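One structure, as structure tokens, below. Some questions next.
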Amino acid sequence: MQSKMPSLKALLLALLIIAVVVDQSFVEANFPKSMYINWGAHHSSFAGNGEDLQLVLDQTSGSAVKSKRSFLFGSIEMLIKLVPGNSAGTVTAYYVTSTEDKHDEIDFEFLGNVSGQPYIVHTNIYTQGNGSREQQFYLWFDPTANFHNYTIHWNPTEVVWYIDNLPIRVFRNYEKDGIAFPNKQGMRVHASLWNADNWATRGGLVKIDWNSSPFIARFRRFRARACKWDGPVSINQCATKSPANWWTSPSFSQLSSSQMGQLNWVRQNFMIYDYCKDTKRFNGQIPPECFKQQF
């Protein structure tokens with residue numbers, strides 16, 4: 001029995017090493033290591049051993065960060081505390097995007113409002129440069145009082161937007177029907193705080209009150225459990241069904257019945273705009289995905 005123990009320990013150690021090596025999809029949750037400031041260097045700062053990020057907007061500049069690498073499929077997660085008080089005209093953005101001319105992009109944008117009024121969560125998805133797919137929601141909590149979890153999950157089957165683990169929107173893959181899907185371009189993670197008072201609050205009618213500046217948005221615990229993009233070769237590698245590519249497992253191919261119930265609760269109670277119902281905007285020609293089981 002004793003002669004078998006060393007081999008058993010060696011096996012367990014080997015399995016542990018394999019598990020660490022296999023999970024190449026995890027990116028360390030440290031802002032300085034995983035992201036860099038791409039504008040507004042004097043209006044942003046890292047804190048808490050790199051676990052925390054602060055973005056600032058005043059009359060001179062906003063600020064933004066960008067991930068050092070690109071991803072294709074997986075889960076991008078961030079805790080965010082939005083700008084408190086009178087934030088009308090400001091936008092706090094958190095999204096993934098590619099750099100090609102006909103780019104792909106998946107958005108969370110938080111549209112500030114006058115004090116006492118709810119934030120609007122603006123979501124959108126671009127495929128091959130087309131981004132006319134906006135959906136907007138009010139939040140069911142005060143997003144300025146505490147940090148809340150905002151997650152972008154996408155895989156070869158669907159894109160899901162989550163808030164505190166509640167799904168609020170789904171965009172499914174209908175490529176077989178000629179509808180483009182974001183599955184061929186690596187995307188970097190971005191976060192920014194900027195002046196958008198030409199459109200953000202009541203279509204630009206409410207301007208930023210600079211007496212309330214500086215405006216501060218706080219970010220914490222960035223997690224990227226996603227496939228690392230190394231060029232076109234990654235298209236097949238990231239989509240291949242395997243234990244390492246956990247996002248391709250059947251459990252992530254569609255929402256469960258309980259998740260569908262959560263999705264419907266959010267949409268029935270807090271949704272305020274859906275491009276699929278804006279017949280005037282599209283002159284009666286609703287985008288084709290709207291005729292599918294599309295949320």
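Is there any pair with a first residue in the range 99-119 that is within 22 Å of Pro143 (Cβ to Cβ) and a second that is buried (at least 16 other Cβ atoms within 10 Å of the Cβ) and of a type in the set (Gly, Ala, Ser) whose Cβ atoms are under 6 Å apart and which are 6 or more apart or on different chains, and what are they?
Glu109/Ala93; Leu111/Ala200; Gly112/Ser87; Gly112/Ala88; Asn113/Ala88; Val114/Ala88
Check off (1) surrounded by fewer than 18 Cβ atoms within 10 Å (Cβ to Cβ); (2) assigned to a strand (DSSP E or B); (3) of a type in the set (Ser, Thr, Tyr) for Thr60 and give me the number that stays unchecked.
Among (1) surrounded by fewer than 18 Cβ atoms within 10 Å (Cβ to Cβ); (2) assigned to a strand (DSSP E or B); (3) of a type in the set (Ser, Thr, Tyr), Thr60 violates only (2).
List the number of the failed condition for Ala217; all other conditions in (1) in a helix (DSSP H, G or I); (2) among the small types (Gly, Ala, Ser); (3) surrounded by 12 or more Cβ atoms within 10 Å (Cβ to Cβ) hold.
(1)
Could you give me the residue pairs with C-beta distances under 9 Å whose first residue belongs to the range 220-243 and is in contact (Cβ under 8 Å) with a residue 60 or more places away in the chain and within 14 Å of Asn155 (Cβ to Cβ), whose second residue is hydrophobic (A, V, I, L, M, F, W, C) and assigned to a loop (DSSP other than H, G, I, E, B) wherever it lies, and which are 6+ apart or on separate chains?
Partner pairs satisfying both residue conditions: Cys227/Ala244; Cys238/Trp229.
Here's the yes/no breakdown for (1) more than 21 Å from Ser256 (Cβ to Cβ); (2) modelled with pLDDT of 95 or more:
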residue	(1), (2)
Glu100	yes, no
Leu111	yes, no
Val121	yes, yes
Gln128	yes, no
Gly131	yes, no
Tyr150	no, yes
Asp164	no, yes
Arg172	no, yes
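Next question. Restricting to the range 99-117, and then to whatever is out of contact with any helix residue (DSSP H, G or I) (no Cβ under 9 Å at 6 or more places or on another chain) and closer than 22 Å to Leu79 by Cβ, can you tell me which residue is surrounded by the most Cβ atoms within 10 Å (Cβ to Cβ)?
Selected residue: Gly112.
Which of the residues belonging to the range 159-173 are surrounded by fewer than 20 Cβ atoms within 10 Å (Cβ to Cβ), touching a residue at least 60 places away in the same chain (Cβ under 8 Å) and in contact with a Phe, Trp or Tyr (Cβ under 7 Å, 6 or more places away or on another chain)?
Val170
Still on this structure, I have one more. Applying the selection to the range 129-158, what residues are more than 26 Å from Arg221 (Cα to Cα) and part of a loop (DSSP other than H, G, I, E, B)?
Correct list: Gly129, Gly131, Ser132, Arg133, Glu134, Thr157.
For the range 88-98, how many residues meet the condition of being in a strand (DSSP E or B) and either under 18 Å from the mean Cα position of the chain (by Cα) or surrounded by fewer than 20 Cβ atoms within 10 Å (Cβ to Cβ) (or both)? Walk me through it before giving the result.
So in the range 88-98, the residues in a strand (DSSP E or B) come out as 90-97.
Checking which are either under 18 Å from the mean Cα position of the chain (by Cα) or surrounded by fewer than 20 Cβ atoms within 10 Å (Cβ to Cβ) (or both) leaves us with 91-97.
Total satisfying the criteria: 7.
Test each condition in (1) at pLDDT below 95; (2) under 30 Å from Val83 (Cα atoms); (3) touching a strand residue (DSSP E or B) at 6+ places or on another chain (Cβ under 8 Å) for Gln254 and report the one that comes out false.
(2)
Assess whether Ile216 counts as being touching a Gly at 6+ places or on another chain (Cβ under 6 Å) and either hydrophobic (A, V, I, L, M, F, W, C) or modelled with pLDDT of 95 or more (or both).
Values: touching a Gly at 6+ places or on another chain (Cβ under 6 Å): no; either hydrophobic (A, V, I, L, M, F, W, C) or modelled with pLDDT of 95 or more (or both): yes.
Taking the combined requirement at face value, the residue does not satisfy it.
Hey, can you tell me all the residues within the range 155-171 that are of a type outside the set (A, V, I, L, M) and in contact with a strand residue (DSSP E or B) (Cβ under 6 Å, 6 or more places away or on another chain)? Full working, then the answer.
Residues of the range 155-171 that are of a type outside the set (A, V, I, L, M), as a first pass: 155-158, 161-162, 164-165, 167, 169, 171.
Scanning the range 155-171 gives Asn155, Glu158, Trp161, Tyr162, Asp164, Pro167, Arg169, Phe171.
Go through the range 24-49 and report how many residues are modelled with pLDDT under 90 and either surrounded by 16 or more Cβ atoms within 10 Å (Cβ to Cβ) or in a loop (DSSP other than H, G, I, E, B) (or both).
8
Search the range 226-252 for residues being of a type in the set (Ser, Thr, Tyr) and surrounded by 14 or more Cβ atoms within 10 Å (Cβ to Cβ), and hand back the single one that is farthest from the chain's Cα centre (by Cα).
Initially, the range 226-252 is screened for residues of a type in the set (Ser, Thr, Tyr), giving 234, 240, 242, 248-249, 251.
Filter once more, keeping what is surrounded by 14 or more Cβ atoms within 10 Å (Cβ to Cβ): 234, 248.
Numbers: Ser234: 20, Thr248: 18 Å.
The selected residue is Ser234.
The values are calculated or read from the model by the stated rules, or taken from the named source; none is laboratory data. The shown structure was predicted, so the numbers you read here are calculated from the model rather than taken from an experiment. Cβ sites come from the backbone with ideal geometry, for glycine too, and all protein chains shown count toward neighbours.
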